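The values are calculated or read from the model by the stated rules, or taken from the named source; none is laboratory data. All figures in this text were calculated on a predicted structure; none of them were measured in a lab. No Cβ is skipped: glycine too gets one built from the backbone with ideal geometry, and neighbour counts run over all protein chains shown. Calculation scope for accessible area: heavy atoms of the full protein, side chains included, ligands and nucleic acids excluded. Shrake-Rupley method; radii C 1.70, N 1.55, O 1.52, S 1.80 Å.
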Amino acid sequence: MKRSVHLIPPDKLTGLRITRPSEKAAGIKGVTVAMQHLSREMGFWKGMSLMTRINQKGGIDCPGCAWPDPNHRAKLFEYCENGAKAIAEEATNKRVTPNFFAEHTIEELSGWSDYDLGKSGRLTHPMYAGPDDTNYREISWEDAVSRIADKLKSIHPDEAVFYTSGRTSNEAAFLYQLMIRNYGTNNLPDCSNMCHESSGVGLTETVGIGKGSVALEDLYEAEVIMVMGQNPGTNHPRMLSAMEKCKSNGGTIIQVNPLPEVGTQRFVDPQSPMSILKGGVKLSDHFLQVRINGDIALLKLLMLGLLEEERSNPGHVLDREFIIQHTSSFEEFRSELLKIDEQQALKDCGLTKAQLTPIIRLLAQKKKIIICWAMGITQQKNGVENVREIVNLLLMKGSIGKPGAGTCPVRGHSNVQGDRTMGIYEKPSKSFLDSLDNHFKISSPREIGYDTVEAIDAMAEGKVRLFFAMGGNFISAAPDSEFTAKAMECCDMTVQVSTKLNRSHIVTGKEAIILPCLARTDVDVTKAGVQFETVENSMGIVHRTKGSETPPSPLLRSESAIVCDLAMALFGADNLSWAAWKDNYDLIRNDIEAVIPGFEEYNRRVRQPLGFYLPNGARERKFNTTDGKAAFSINELPQVSPQEAEFVMMTIRSHDQYNTTIYGMDDRYRGVYNERRVVFMSQEDIEAKGLKAGAVVNLESVFQGIVRKATRFQIVPYSIPKGCIATYFPECNALVPLHSKAKGSNTPSSKYVEVNVYPG
Ligand SMILES: Nc1nc2c(c(=O)[nH]1)N[C@H]1C(S)=C(S)[C@@H](COP(=O)(O)OP(=O)(O)OC[C@H]3O[C@@H](n4cnc5c(=O)[nH]c(N)nc54)[C@H](O)[C@@H]3O)O[C@H]1N2
Ligand SMILES: Nc1nc2c(c(=O)[nH]1)N[C@H]1C(S)=C(S)[C@@H](COP(=O)(O)OP(=O)(O)OC[C@H]3O[C@@H](n4cnc5c(=O)[nH]c(N)nc54)[C@H](O)[C@@H]3O)O[C@H]1N2
Ligand SMILES: [Mo]
């Protein structure tokens, strides 16, 4: 290749300011920050008018998180500060045109940060760069599509990899996987592989469904909500309102986290003048500051405590009837639990017996418990076991499949759950493929495809000739940035269907193609008229989303249209119904209904104002396991203290980012301003290392003897257990070893990286 790009982003510091962390989340400050972002990207009035349509029945589904919408929505604004930032980022007035690409070489752009790339604006034209090109140049849709189809025809289907991020609608995802299976591969890695895969695996094994069991109303009714490894104040801000409702109904909230996350502590509802006047409500009643990956130790201690309580108060602590009727393996589970080394477990979680006693009492007395969790739980080597231990605790209490109780893995991307339901999965079930084959008279490949980590390995080994991404930013999101970048460069062709510029357009295969697509907020007009799409939220409700904005360029196509065009170029015009689907999404929904259970009368039911729930066995105590029972499981205490380096590092999100999209340089709740290259470290460790606030350091991770480096970060003193540090994703992805991943789910252990810290 003629161009030679920087494989990892620059390590330029931007001017750190540190203040005390905030004491409350949301409130008026949240509203003003949201307004600033909207005004900057699209002007105040356009911003305000767009916000009135977010999350309204029949309006635009917020492209932020997958948190569900309440039945009684705020009349004007049903959104949060970070939802507003997501909208501002997407519906921005800024444009990345062919002129932009003529002005900046690809090599130059590789020296830009993710922030600078993203802030350049919306993509407007299909673009192409061949092996000898230093710059992208405009290409027609026809030319782009035929180049991709020709490439696909020239290789073995297993030499192609098709990635999906989690924003793709049900309709586009269904067509995409159909095209890929008709082509002949199951190489369908997705962002879920790096995200909630451990939840899917752990839940399917134990309760027979890879999704959560609660509905929004259950959170209002719960007696206890335990929030583990999740920062809802930043990543799911509308969850705070549900937690507030739970509190006002007398519920208790427990936060389990190495960091005292502000949002979970105190919340001021920006939509309630009373809440603002009163300074908000205290949300979290108990804060358990666990060590990184101390959750299994903690859960075991809590469950051991419950066994003891049951002994002193037989029949009143555990739900014996539920256990007998609906579960398996309780006795084995119990006898293994009794064997654990309590002192070791206390050391591993970093908590004292005195801290746990009130929690055990509380759990012993209450019957309606919900456990919510996110990346702190799943992105661990023992992520699947973490989930299984969560299930164990809920099963002991019979806290599943009844109002106010259950499992609540809080999803990330707004349609990541729906994409999986539509078949975006490298390990599709036999019944799914059989149904697809019967309906379309095709023969889907039956071999398991690559997940994200396997896809990177295959690329590095030269086994992948074409990489196609339906959204996302694979290069920045994947672990081991440098390795992944080199692996990507081994591909003959890389194709990105995207809304905005990102590093995956810069670090590419020999030929690179950008296909610009419509975003959630854009109106989608086809020959058959204005179309809407559908998505599934974190609680299994399928509902409509319909954009209203004029697209940034008349050349943009919807993801569904792009798939249909490519499929027609690949298979010929008489294959399946691509031409009809392209214009009329009702027809796509009819076929989804025919293939996937739970979508009966899809077109009618999804037009109801609130959409409809998909069937969920666990919610009704119908466990879809081999024996129809929910399974207790036995899990070992994992290793939590570092073996090869001094610290354990978790890579987390700031308040001003959406994954690899960086909205701004601040992390307001944590009191960090104008800098992302930071290391949160305890005062004790800072002193022991002879460092001070603001000191510049370099980081080295060590895994199986191999050292990875990332340079120039600044120290931020923070309340975090000794021996644990935190940095931001994606700046520190260079340090996350590709093969340090969860057993059973292959999710990179982005929350457990062993590192050394050296003065810079
Ligand atoms: N604004 C905004 N919203 C988002 C996103 C975004 O980037 N920005 N991303 C979306 C996506 S895709 C996802 S998956 C979700 C992510 O939502 P979260 O999972 O909340 O995101 P993270 O910042 O990765 O936070 C993980 C939390 O786990 C804690 N943690 C880390 N390790 C451990 C551990 O070992 N044990 C425990 N108990 N806690 C631990 C961290 O301190 C942190 O509070 O949010 C979604 N929503
Ligand atoms: N170290 C570390 N790594 C992580 C994580 C972590 O916590 N730590 N988290 C992991 C998690 S939970 C996730 S989900 C992944 C995220 O991985 P991805 O989903 O791959 O990454 P995003 O940053 O969400 O993707 C942003 C890009 O998506 C494109 N985009 C936005 N909207 C649309 C749309 O509607 N259609 C199309 N076609 N494109 C669109 C834009 O071009 C934008 O630049 O990262 C993972 N990586
Ligand atoms: Mo995610």
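Only one entry of A580, A630, A618 meets the criterion of being more than 30 Å from L203 (Cα to Cα) and touching a helix residue (DSSP H, G or I) at 6+ places or on another chain (Cβ under 9 Å), and that entry is A580. Look at segment 295-324: where a residue is outside the structural domain of Q380 (by TED's automatic domain parsing) and over 11 Å from M396 (Cα atoms), no partner that is in a helix (DSSP H, G or I) and open to solvent by less than 10 Å² (accessible area, probe 1.4 Å) sits 6+ places away or on another chain with Cβ atoms under 9 Å.
All of V227, V214, V207 fail the test of being closer than 29 Å to Q343 by Cα, at pLDDT 95 or above and crowded, with 23+ Cβ neighbours inside 10 Å, apart from V227. Filtered by the rule that a residue be among the hydroxyl-bearing types (S, T, Y) and either within 11 Å of ligand 2 (Cβ to nearest atom) or open to solvent by 10 Å² or more (accessible area, probe 1.4 Å) (or both), segment 655-664 gives Y658, T660, T661.
Of the helices (runs of 4 or more DSSP H) lying entirely inside segment 225-266, those containing at least 1 residues that are closer than 14 Å to M375 by Cα and within 9 Å of ligand 1 (Cβ to nearest atom) span 232-235.
If the condition is being in contact with a helix residue (DSSP H, G or I) (Cβ under 8 Å, 6 or more places away or on another chain), open to solvent by 10 Å² or more (accessible area, probe 1.4 Å) and either at pLDDT below 95 or over 15 Å from S745 (Cβ atoms) (or both), then segment 448-463 contributes D457, A460, K463. For first residues located in segment 518-535 and assigned by TED's automatic domain parsing to the domain that holds M422, partners that are loosely packed, with under 15 Cβ neighbours inside 10 Å and not in a loop (DSSP other than H, G, I, E, B) and lie 6+ apart or on another chain with Cβ distances below 7 Å form the pairs V523/V530; D524/V530. When A354, A374, A364, A405 are checked against the criterion of being within 16 Å of ligand 1 (Cβ to nearest atom) and either touching a residue at least 12 places away in the same chain (Cβ under 8 Å) or farther than 19 Å from S641 by Cβ (or both), A374 stands alone in meeting it.
Restricting to segment 527-549, name every residue that is under 29 Å from R619 (Cα atoms), open to solvent by 10 Å² or more (accessible area, probe 1.4 Å) and in contact with a Ser or Thr (Cβ under 6 Å, 6 or more places away or on another chain). Selection gives E533, R544. Within segment 122-143, the set of residues being surrounded by fewer than 23 Cβ atoms within 10 Å (Cβ to Cβ) and either part of a helix (DSSP H, G or I) or small (G, A, S) (or both) comprises G130, S140, W141, E142, D143.
Among residues of segment 410-420 being open to solvent by less than 20 Å² (accessible area, probe 1.4 Å) and assigned to a helix (DSSP H, G or I), the one that is nearest to ligand 1 (Cβ to nearest atom) is V416. Residues in segment 375-409 that are assigned to a loop (DSSP other than H, G, I, E, B) and within 16 Å of ligand 2 (Cβ to nearest atom) were compared, and the one that is farthest from the chain's Cα centre (by Cα) is K381. Any chance segment 597-619 includes a residue that's part of a helix (DSSP H, G or I), in contact (Cβ under 8 Å) with a residue 12 or more places away in the chain, farther than 28 Å from R238 by Cβ and open to solvent by 50 Å² or more (accessible area, probe 1.4 Å)? Looking through segment 597-619, none of the residues is part of a helix (DSSP H, G or I), in contact (Cβ under 8 Å) with a residue 12 or more places away in the chain, farther than 28 Å from R238 by Cβ and open to solvent by 50 Å² or more (accessible area, probe 1.4 Å). Taking segment 421-431 as the range and being open to solvent by 10 Å² or more (accessible area, probe 1.4 Å) and either of a type outside the set (K, R) or within 13 Å of L178 (Cα to Cα) (or both) as the test, the residues that pass are T421, Y425, P428, S429, S431. A search for C-beta distances below 9 Å between a residue of segment 106-124 that is within 11 Å of ligand 2 (Cβ to nearest atom) and any residue that is at pLDDT below 95 and among the small types (G, A, S), counting only pairs 6+ apart in sequence or on different chains, returns R122/A91. Only strands (runs of 3 or more DSSP E) whose full extent lies in segment 685-760 are considered here, and the ones with at least 1 residues that are within 12 Å of ligand 1 (Cβ to nearest atom) are 724-728, 753-759.
For every residue, the table says whether it meets (1) within 16 Å of ligand 3 (Cβ to nearest atom); (2) acidic (D, E).
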position: R619; (1), (2): no, no
position: E636; (1), (2): no, yes
position: Q639; (1), (2): no, no
position: P642; (1), (2): no, no
position: T661; (1), (2): yes, no
position: G694; (1), (2): no, no
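The set of residues from segment 357-374 being in contact with a strand residue (DSSP E or B) (Cβ under 8 Å, 6 or more places away or on another chain) and either in a helix (DSSP H, G or I) or under 14 Å from L304 (Cβ atoms) (or both) comprises P358, I359, L362, L363.
Can you confirm whether S192 is under 30 Å from G628 (Cα atoms), in contact with a helix residue (DSSP H, G or I) (Cβ under 8 Å, 6 or more places away or on another chain) and either among the polar types (S, T, N, Q) or at pLDDT below 95 (or both)?
Values: under 30 Å from G628 (Cα atoms): yes; in contact with a helix residue (DSSP H, G or I) (Cβ under 8 Å, 6 or more places away or on another chain): yes; either among the polar types (S, T, N, Q) or at pLDDT below 95 (or both): yes.
Here the answer is yes, as S192 does meet what is asked.
Filtering segment 432-440 for residues that are in contact with a Cys (Cβ under 7 Å, 6 or more places away or on another chain) and either open to solvent by 10 Å² or more (accessible area, probe 1.4 Å) or of a type in the set (A, V, I, L, M, F, W, C) (or both) leaves an empty set. Checking each residue in segment 558-595 for being under 17 Å from R181 (Cα atoms) and of a type in the set (S, T, Y) picks out S560, S577. Within segment 715-739, residues that are on the phi > 0 side of the Ramachandran plot reach partners that are open to solvent by 10 Å² or more (accessible area, probe 1.4 Å) and not charged (D, E, K, R) with beta carbons closer than 8 Å, at six or more positions or on different chains, in the pairs G723/S641; G723/P642. Exactly one residue out of S154, S169 is assigned by TED's automatic domain parsing to the domain that holds K510, open to solvent by less than 10 Å² (accessible area, probe 1.4 Å), modelled with pLDDT of 95 or more and not aliphatic (A, V, I, L, M): that is S169. Selection of segment 181-196 for residues being within 16 Å of ligand 1 (Cβ to nearest atom) and either in a loop (DSSP other than H, G, I, E, B) or touching a Gly at 6+ places or on another chain (Cβ under 9 Å) (or both) yields P189, D190, C191, S192, C195, H196. Residues in segment 19-58 that are open to solvent by less than 30 Å² (accessible area, probe 1.4 Å) and among the acidic types (D, E): how many? Residues meeting the conditions: 1.
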